[in-house]
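Below: one structure, written as C-alpha cells.
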Amino acid sequence: MPTFKQTVLYTAQSGEALFKEELIALDQGQPQSQLSALMPSQGYQLRHSPVGFASAFHCTTTPQWVFILQGQMQISLHSGESRVFKPGEHFYSADTAPPGVEFDPSRHGHSSRQVGDEPLVTLFLRG
C-alpha cells in the first residue's frame, strides 16, 4: 500500500522539541488517485514573512500543518538540529508546551526564520 511521509515537529516526554517521520496510509481512492482517509481540520491561515524574519524560541499553540508556498523556512531546535523547508514542502507542527510545565525558551519549543532572498509565504492548516 502506498504511503505519504509526514515530517512531524513534536514535544518529547523530556519537553524538548524533536523531528520524526510518520507514514500516512493512502488506502482510499483508486489506483490512479490514491488518497488518505479524510482528516478533520479547523480552518487555515496564510502568513507573509518579509526577508529577515526570525522568531524567538516558542511552542506551537495549536497543532497544525505548515505548507511552504514561497521562500524558505528554517526550523531550529535546541539540540542544534535544523531543517530548511522549501516551496511545496510541509511539516506537521505539534510541539506544544508540556502539560503543567511553565514554558522555558531556553529548553522548550523551536525557532523559525525566513532564509534566502525571497519573502516567506506559508499556509497554516489547523488539525
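FYI, it's all coordinate maths here, none of it is from the lab. These numbers come from a predicted model, not from an experiment. Cβ placement follows ideal geometry from the backbone for every residue including glycine, while neighbour counts extend to all protein chains displayed.
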For the stretch 47-52, Karplus-derived ³J(HN,Hα) couplings (6.51, -1.76, 1.60; θ = phi - 60°; whole Hz; x for glycine and proline) come out as 9, 10, 10, x, 4, x
In order over the stretch 114-127: 3J(HN,Hα) from phi, Karplus 6.51/-1.76/1.60, θ = phi - 60°, whole Hz, x for each Gly or Pro, gives 7, 10, x, 9, 10, x, 9, 10, 10, 10, 9, 10, 6, x
Scalar couplings 3J(HN,Hα) for the stretch 66-78 by Karplus 6.51 cos²θ - 1.76 cosθ + 1.60 (θ = phi - 60°), nearest whole Hz, x for Gly and Pro, are 10, 10, 8, 9, 8, x, 9, 10, 9, 10, 10, 10, 4
GNM of the chain, Cα pairs under 10 angstrom: of 31, 105, 40, the biggest fluctuation goes to 31
Here, residue 14 and residue 48, labelled 7 Å along Cα→Cβ, have an inter-label distance in nm of 4.1 nm
Rounded to the nearest whole number, the Stokes-Einstein translational diffusion coefficient of the chain at 25 °C and 0.890 mPa s (Kirkwood radius, C-alpha pairs) in µm²/s is 157 µm²/s
Filtering trypsin sites (Lys or Arg not before Pro) in the stretch 1-84 by DSSP loop and by at most 11 other Cβ atoms within 10 Å leaves none
Amide H contacts under 5 Å for residue 109, restricted to residues at least 5 apart in sequence or on another chain and with H modeled in the peptide plane, are 17
The size of the Cβ-based charge dipole (Lys, Arg +1; Asp, Glu -1) of the chain about the Cα centre, to the nearest 20 debye, is 180 debye
The extension gain from residue 107 to residue 3, computed as 0.36 nm times the residue separation minus the Cα-Cα distance, is 34.1 nm
